[in-house]
Structures are given as C-alpha cells and as structure tokens.
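Structure record follows, encoded as structure tokens.
The values are calculated or read from the model by the stated rules, or taken from the named source; none is laboratory data. For clarity, every value in this text was computed on a predicted model and none was experimentally measured. Glycine gets a Cβ as well: all are built from the backbone with ideal geometry, and neighbour counts include every protein chain shown. These accessible areas exclude ligands, DNA and RNA; they are computed on the full protein's heavy atoms, side chains included. Shrake-Rupley method; radii C 1.70, N 1.55, O 1.52, S 1.80 Å.
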Amino acid sequence: MDLYMMNCELLATCSALGYLEGDTYHKEPDCLESVKDLIRYLRHEDDTRDVRQQLGAAQILQSDLLPILIQHRQDKPLFDAVIRLMVNLTQPALLCFGSVPKEPSFRHHFLQVLAYLQAYKEAFASEKAFGVLSETLYELLQLGWEERQEEDNLLIERILLLVRNILHVPADLDQEKRIDDDASVHDQLLWAVHLSGLDDLLLFLASSPAEQQWSLHVLEIVSLMFRDQNPEQLAGVGQGRLAQERSTDVAELEVLRQREMAEKKTRALQRGNRHSRFGGSYIVQGLKSIGERDLIFHKGLHNLQNYSSDLGKQPRRVPKRRQAARELSVQRRSALNVRLFLRDFCSEFLENCYNRLMGSVKDHLLREKAQQHDETYYMWALAFFMAFNRAASFRPGLVSETLSVRTFHFIEQNLTNYYEMMLTDRKEAASWARRMHLALKAYQELLATVNEMDMSPDEAVRESSRIIKNNIFYVMEYRELFLALFRKFDERCQPRSFLRDLVETTHLFLKMLERFCRSRGNLVVQKRKKKKKVLDRPVAPGNVPASAGELEAVWPSLAEQLQCCAQLSLDSVVPFDAASEVPVEEQRAEAMVRIQDCLLAGQAPQALTLLRSAREVWPEGDVFGSQDISAEEELQLLKQILCAPLPRESAVPSRAEEEDEEEEDEEEELQAVQVSEKEFNFPDYLKRFASSAVVRAYVLLLRGYRQNGAHTNHCVVKMLHRLAHDLKMDALLFQLSLFCLFNRLLSDPAAGAYTELVTFAKYILGKFFALAAVNQKAFVELLFWKNTAVVREMAEGYGSLDGGRKPPMWTPEEEAQLQELYLAHKDVEGQDVVDVILAHLKTPRTRKQVIHQLVRLGLADSVKDFQRKGTHIVLWTEDQELELQRLFEEFQDSDDVLGHIMKNITARRSRARIVDKLLALGLVAERRELYKKRQNSAPFLILSPFFISDEDEEKEEDSEADKAESFSLLPVGFSAPLLWLQNCLMRVADDREEDGCSQPVPLVPLTEENEEAMENEQFQQLLRKLGVRPPASGQETFWRIPAKLSPTQLRRVAASLSQPEEKLQPGPEPEVPGEQGPEEEHQKEHRSQALRALVLARKKRAGLVSPEGKTTYLLEQLKMAPRKRQLLDSDEEQEKDEGRSKGKESEWDLLFLLTSSTLLLSPEDQCYSPLTYLDTLSSHPCHSHSPRVQSSRNPKEETVPD
C-alpha cells in the first residue's frame, strides 16, 4: 500500500503533525489534535485494520511519532498522546485479529500488519527512544504514593505496555538470516534497553513492595526479553567452555566425520557414469514385480541397495488436520555482550527480586486479579530461573518461594486443566497444548531442583528435599499424571519437543521414585478407588417381629444392655440426612424407624445414642422424651418405640429384586471415591507403563535419534529396557516399525556414536529370533501393537491364560437333558428359558456355558437370542394387556399399586416393563403416580393439608360454593402478586411434568409490587401454608418451591389461588379491637363454637376419640407439641395471645389441631380442609369481613383481633 492510496482525511491528519528537517522535528500547531484524531481513527477501523495498514505504509511511527517522542518530551499533553498512539499502533497482530485468520484475504492483512510491526521493532532499536522512556519512568517512580496522580499511574502502565508490545513482535528469520553469535534485531533492542538503564528500573519494580501492582507487567517483559535464550547456556557464559560442552561438541564432530567417510567410501565403490547404458539388466530373485514374475533391475548393482518399490510414486498428501505439529519456539545464541548482560540481569533478579515477584504474581493469580492465561508467564519464569539457578551456582534459598508442595499442586492443577481442555476444545487444541508444554517444563524443573537438593552437602536442604518427595510420591495424582499424558499424546497438536520433555521428566521422576523406595525400604502411598454404593433400601415388614410376644421376649436382653450404658456418656450421632431433599423437620419419622431398627438388631447402645441425638434436634413436643428425662423413663420410651407399629415401606418382591439387580437402569447407585493407603510397589507401578500407547510414543521419539540429544536417547532406551528386561516383557517391543528403525540404526555409518542404542537393538532382535524359533506366529505378531495379555500368550502359548478356567465337557446325557429342557420351555411366554434350564440341570453350569452349548447343538442361531430382560424386548399379547388394565383398575386406589399388580399378574414381568406398559397404555401420566404411598400414622409426623394423596383427592368433588369461597383467607390487596404467584406455580408444574425431574425453584420478584408482597408478613404466612419454603439463613435470599411438590399438587395449589375479582378487592376498614360491640363478641363466640364442633366431629371419624370420649395418644402428642403459631400469627399477635386466659382455646389453636389431623380423616372428609371451613365461616353474613383477612400495605396499619 503506497502513500498516495491513503484516505484523504487520514493523509491530511498526518500532514498536520509536523515535518523533519535534518535531525530536528518541527511540529505543527495542530499536532496534538492530529494525534488525537489518529487515535480516534484507529478506534473506528474495520476488520481488515485499514487505518493501521495505511499508517504503517506511510511510516508515521518512524518519521513522525518517534522524533516527537524524543525531541518534544517537555510537552506533557503531546507526550502522553503520542505514547497512547504508539501503544495502539504496536498492539500485537494476534490481538488485532483475535487469531491467525484462515481466510486468504484476511490472512494477507494479518501478514501485512505483522510486517509493519517488525519495521516498528527495528525502528525502536535505538538508545535515544528507550532513553526517553527510561527517564520518564524514573521521574514517575520518584513520586511518592501521595504525590502520584491517576494520570501518572496511567502513563507508567502505558510505557510498560509499549515496551511489552515492542519486545513481543516476532523476528522475521527469513529476512534477518542471522546466525548464532550474531546480533539480531531482538538483540539490538535488548542492548538499547541495557544502555538506557531500563533494566535497572525493571529490577526496581520487581523488588519494591510499593510497586506490586506492576508485577505482572514486569514479569511479562522479562519473559519476552529471554524468549530465545537457554538458561543452562546462559549460566555458563564468560566462564570458558566446560568439559561437558567440549565433549559434546567432539562427539557431534565425530558423528559428522564418520558419516562423511562412509559416503566417500560408498562413492569410491560405485562405477563411473561412463557407458551407463551398457551396464546390463539383472533379475532379482525372490522379489516380485507387478505381475507374478521376478523383478527386472535395469541399473547397476551398486544402486540395488537403494531400491524401493515406492520409487517414482506420487507421495501421499497428508491433510492439514493430520499433519504433525510444528515447533514454534526457536533457541539461538545471541551476541556475547548481550548474553553477558542477560546473565548479570538473571543473577541480580534471583538475588533481589525472584521470591518477592513470584509471591506477588501468585497472589494475583489466586485472587483472580490477573487476565486470562497470565499463569503461563508465572510457569515460564519458574522453569527458566530455577534452571538458571541450578546451572549457575545452586542456592535453594534464592528460589524458596516456588520450592514447595503448594507449587507442585498449582502446576499439577494447571497441567491437568490444560490437558482436559485440549481434549474438549478441539478448535484451540494447539494453544492448549502449548500452555500444557509450559506447565510440563515447570514441573520438570521443580523435579530437577528437588533432585539437586538431594546432592547438597547441607543436611537441612536434604531434609527439605525428603519432605517434598514424601508428599509428592504419596499423592496418587502426581504418579498418574505421566501415564495420562502418554496415553493422550497427539502429535497433531503437541510438537516433538513436548514429547521429548515428557520422556525426560518421566525418566527423572522414575529415577527419583526408585531411589526413594530403596532408601526407605517401604513407602506408603495414597490409593483411590471408585466404589459403587447402592442406596439403602427400605426395611421390609418381614424384618419386624410379627407378634407382641416376640417383642416382649426380645426386650429383657435389650434392657440389660441399656442399663449398662445408660450412665455412660456416648458419642453423639447425626440423626438426620443433611444431603436429603427432605427438610430436617420432616425426617423425624425416619429417625424413629432407625431407632426401632437398632433395637430389633440388638444394637442397644446405638439406639440409645440415636434417641438422645434426636431429642436434641427435635425437642418440640417431647416426642423423643423431655430434656430432664430419667433413666427409667428413657427405658420405657425405648420399649414403646420397639413395640410401636411404625410406618414402613413394603419391600419389593424377591423376584423383582433379582431382576432389578440385573438391570442397571433399575439400580440406584452412586459413584463414591474411596481413599485408602497401601504399601507402594515400584515394579507394579512400572507395569502401568507397559502399554502400547506408551511404547508407541517412545518409538516415535526414537525415530529422530539423530536430532535427539544424548540424554534424550538415554531416557528412551532406559524406559524400553525397564519394560523389556526388568518386567520380562520384551515381546512388547516386537513391532515391525521398531525393527525398521533398528535396521536403519545398525546400518548407519555413525552407529559407533550410539553404542547404547545399538546394544539395546541387538538385545531385542536376539530375543525375537529366539522366540520365533519356538513360535512361528511371532512374525505375524510383528504387524500389531500388543498388550500385556498378548505378550504373555506369545511367550507361554496361546490360550494359556484360560487354562485353569476351562469349563467341564458336556456328556451325552447332559446334552440330551439340555435339549429336552429347551424344547419343553422355549415357547412358554413370560419366562426366561435359560433360567428355567439352569434351575433343572443336575450339573451346575453358568448361563454363558448353557447358551454357547445351545448354539453348538444347533438349537439356537445366535447368542443374541438369549439376551437378558432389560435388553431384550418382550412383546405383550392382547390378553396380557387386558389383564394389566384390569389389575390397574382394581388396585389403583391402594397404597402400593405396582406391588399388587406384580403379585397378581400371570406372566412374570419386571417392574420396569410393567411401568413402561402402563405409561404406553395411558393408564398413568408419570412414574410418580405408581410410587408407594407412605402411611401417615406416625404420632409425630405433622404435614400440611396440601400433601394429600392424588388418589384420595380424585374422589373429592367440591361444590361450586366451596370453589367460590375457596380462599377467603387470601390477603386482601395483593391481586397482582397472587396472580404472579399462580403463574409461577403453573410454570414450575409444566416444567417438572416435561422434564421428569424436580429441583427447588426460587421465587424471584421482578417488580416493586411483588417485592413488597414477598416482604409482607401476611403474604409470607400464605406462602408457608402453600408449602413454599423460606430461604435458608445465610445461604439463600429467595423463597423456594420445594422439589417434593408434584405437578399435580402445584396445579391444585395454583387453582386454589384462583378467585373472583371481587374477592381480591379490599374490604372495608376493620374496626379497632377496643371498640368492638356485643354483636362482634357474639360473632366470635359463634365462630369458636363452630370450630370446636368441627374438630370434635373429625376426631370421632378419625378414631382420635374413643366412644367414652377419651383422647387417643396422637391427640395427646399433638397437644404436647408446640403449636407453631408463627405459621398463622405474627409476632404482635403472639404477644397479644399470651395475655389471654390459659383456659380459653382460641380459634387459631383449634385450626392448627384441625390442620394436623386432616391426613387421618376419611377421603370424603379430607376435601373439607380448615381453610375451606374458615372460608365458609367468612361467607356467613355475620362473618363477611373478618379482621384477620384484611391486609394493608403499611404494616403499622394492620389490625389484629383478640
């Protein structure tokens, strides 16, 4: 893009900046406004970054902005604006486009912007520009925190961002063509930073406690400074060449010399090119051509060894998605003066800054004050500076901040997270793989530093190393990490360098672990195992003694145990299930059943402990005894619990239980992680690496043995030697691709430089040919990767693993019996023919043996004909469907519909099949309707009248009058909130019916009117009456619709809120209680008498009152229990009620008693709830406007009757 192609407005703006005359830049009067206009243009550029490209083509930064920055530093507004513009112009191309574009046009724009950035980087490689930035930054840092303004902090941050952007620009290797020890553009930039003194300011920012807010910026700049450096090589700069480096260089030269000599020898043996057409043709015996004849070779014999059938073929194109990942990081040696400067910078950084800066950055990361993926800079700095410290002069105190178990845990967490994200986010898999490589390098350096501490002469350092290793080797995640990385290694996303680091880290970890096990003798480690926990099933009635005589016979032995432990202080237990959706207040019945179970099982101390704990949790009503109960009374209470007919769910028939255990979808189970300890066995742990995935990764790395270092090749050979020699699994390496690699290695002219590899290759080949002499199938096994079972069969013989488990042979008599049983029962519908055969066979056989024998005898076509129930669909006949429909109509009013159907159905079916058929026939709408209904006969189980069973309620037919007056107790003046509440209930009912699952749903008021209603005490009383749960203290904010309410119950509650508009209109203002006349007192007297009469009638029907008029035990317990009047009355009403006469029962006390006994009434009486009765009273002419049902927006205006 040329200058004349610029936008006219942009060109005019750039022209108004100023001009350069010689070395002096003359700014125009409108220079500041022009800079601001350029910032504005950049803010509104399009997706192609056209403004950025035009400014780059015009070289505005090189010709205008840099001279302004250097020569007009005194003009502070202009200087600040130029810094802002430079930060925007030098923004990385990846941030401008989001990612590397795949579309060709956008990719062209991306590369163009990148080229302009590289030109900016070359322009900044001068001491003057960084000198101005350094002086400005120094002046700003001299200001104290009380003198520094917000603009000063912004300028500091922009200067650091500008330095970061310039250092971030990647080098153009094709353009620069620099060799090692030559000064590249990046080296020139680093030298300018050093000459300007900016490196000292960075060290100050990293070490100063008052400047911790810039810690992430400083760490990012430091990481970009050392981007291309090797810490081990940097630590040895200026100390002369070490003996190890010299030996390495000599070995590399020797390899090159041997290969060159081999090539000269090969060329000397070749014939000359003259008369090449008269060399003759040869027939290669044993090598077939395209047809059946032997191959004819038309070249000289010296070329025969290079013959391949692939010569002349078009190479197969590999798609991009399957190509191996490319190496992105390139290390090179900078100029000597730059390396000396960087070495001194590293030494000072470790001495004064490392621990403080890394602690500050770690704190920012844990508190989520950093940006996304900033932890990668932390992991890079950890790996680089710990490696430098280990290579220079090892001093553990300099890196003590990152040398801890917490750092191991942090790195392992991030490594696991990157690993999981690489598997799930396939589009960004390469990015996650690069982050995972950084984490792996940090983990490797942590292990190397701990290993170096083992060789320290200081005893305290060695003890610290032992403690860290003990913690690392104990936790299972650290040991399983390498196995997971090997098994999921993907060369399409992860480069070869990642595999090299993974192999070297695994080698170091195994060496440290093996040495630690030898020094300790025995090592205890953590072991985690997933365990299936089947949920507790309800106790069957058969487990309870049938007669009172049996219970009396059991009691004396229990009484002796209870008397022995009554005076002892027993450990308390939790009598409720905190994880259950059922509220704690409603788990009293289950607690009572648990106490009875303990007594029946002979566990008297447990029963006593559970009773005392339940008494502390549920003290109301003295259901579990009073707080000052004596030992004798406690024994009598336990005896009453033992003999009480407590409600229990009936057990599932045994046949159905067996079928449910066979079907996984019918079994309720949880996956629990069981943590235990065991003694560590190193050979057993090493066997985990004996898998084809691990061996394949090692072989992949071994293919580049020429490019690998000597240490990398040693790590590969050591692991393969462990598998082949130590574990005796040499057959695991019998693979054709590995043998081809061995052939290439043995024929390499420089094979003498790879002595260890050659020795191992000869060892494996010798083992293979020794096995091939015994097992001829070993040649075929070369084509496949093998697991441990195949390896064992290759060595011990095929089928040797099943030698001790062969089933006994079938005799002719058994075969005849099998055939007879099969023919007799194969056509019987509703039974499993294999189960019938197994029940009648004389010799015990397994199901699998019977099925396979039936197939061998030709009685069945396939094993699939005998699939178990649950996987095989059994068709229902028309008679069976009619029978099922008849049984459902017969038992639909019982407590256990499904249980009665299974007992009486002719063709035996599993519970799941019967439920599915009932749903298919439309007899039930959901599975919940077939659940067994609980018997609400517990003396302490008090439920709301809204939880009436659906079957009983279906029988009810409310009159039109009752429906019209169904909710006279609704708070007046809340028509809109009531309508909102009704809509919420209906919507939740529809969602639960559609999804089939229930969860608590919060009621979130979005309008001011609904919010005021939710805060109103009278409206809250209505919510409690409807069964809506109040928010838990300290954890929840909104009221919630419980998960236990079924869609039918929710719709019923919502329907009860429907009322005529006139009922929702506020009535006349109530009279003041102090001014009530005799007519009002007569109305109250009449209302109380009506309530008492209704309660007495219900008690007679429910059996709460004997014919002689004595109250039963349930009524006594209800009177003893607290009245829970907060459900109906406010605090002010309670204070007024306390002043009443103790002998006088209020109508609200009777209402509570009436509500509690509703569930014990007959179905035809349950429809007549206390609310309905009060509605009827309210509709009476004398009680049309009760003060109790009036409500006002202002709580102070509420009127409370006596």
³J(HN,Hα), Karplus 6.51/-1.76/1.60, whole Hz, each residue of region 921-928, x for Gly, Pro: 6, x, 6, 10, 8, 8, 5, 4
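With +1 on each Lys and Arg Cβ and -1 on each Asp and Glu Cβ, how big is the dipole of region 404-528 about its Cα centre, in debye rounded to the nearest 20? Write out the running numbers ahead of the final one.
Values: 21 positive and 17 negative charges, 75 e Å.
The dipole of region 404-528 has a size of about 360 debye.
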Please compute the contact order of region 311-402 in relative form: average sequence separation of alpha-carbon pairs under 8 Å and at least six residues apart, divided by the residue count, as a percent. 35
Residue by residue through region 57-62, which ³J(HN,Hα) values in whole Hz follow from phi under the Karplus form 6.51 cos²θ - 1.76 cosθ + 1.60 (θ = phi - 60°), with glycine and proline marked x? 5, 7, 6, 5, 5, 6
Compute the Cα gyration tensor for region 698-802, then decide on rounded, prolate or oblate, letting a ≥ b ≥ c be the square roots of its eigenvalues: rounded whenever a/c is under 1.5, prolate when a/b is larger than b/c in the other cases, and oblate in all that remain. prolate
So what J values fall out for region 453-458 if you push phi through Karplus, 6.51 cos²θ - 1.76 cosθ + 1.60 with θ = phi - 60°, rounded to Hz, Gly and Pro as x? 5, 5, 9, 6, x, 7
Taking amide H positions as placed in the peptide plane 1.01 Å from N, state which residues far from Val524 in sequence (5 or more) or on other chains have amide H under 5 Å from it. Phe680
Give the calculated FRET efficiency between Lys762 and Leu173 to the nearest 0.05, with a Förster radius of 60 Å applied to their Cβ-Cβ distance. 0.90
Everything considered on the Cα gyration tensor (a ≥ b ≥ c; rounded for a/c under 1.5, else prolate if a/b is larger than b/c, else oblate), region 878-921 must be described as rounded
Could you pull out the pairs from Lys362/Lys427; Lys288/Lys718; Lys313/Lys441; Lys441/Lys762 whose alpha carbons sit more than 31 Å apart here? Lys288/Lys718; Lys313/Lys441; Lys441/Lys762
Tell me, in nm to one decimal, what length is gained between Arg744 and Lys511 on full extension, where the rule is 0.36 nm per residue of separation less the Cα-Cα distance? 80.9 nm
To the nearest 10 square angstrom, what accessible area does Phe784 show with a 1.4 Å probe? 110
Given the protein chains as shown and a 1.4 Å probe, how many square angstrom of Ser557 are accessible, to the nearest 10? 60
What FRET efficiency comes out for the pair Lys1044/Arg706, r = Cβ-Cβ distance, R0 = 60 Å, nearest 0.05? 0.25
How much area per residue is accessible in region 974-1057 when the probe is 1.4 Å and only protein heavy atoms are counted (Å²)? 48
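With a Förster radius of 45 Å, plug the Cβ-Cβ distance of Ala16 and Ala430 into 1/(1 + (r/R0)^6) and report the FRET value to the nearest 0.05.
Numbers: r = 45 Å, r/R0 = 1.00.
Efficiency, from the Cβ-Cβ distance: 0.50.
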Roughly how much of Glu1009 is accessible, in Å² to the nearest 10, using a 1.4 Å probe? 70
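Just the number, please: carbon plus sulfur as a percent of the accessible area of region 404-528, 1.4 Å probe, no ligands or DNA/RNA counted.
On region 404-528, the fraction of accessible area on carbon and sulfur atoms equals 48 percent.
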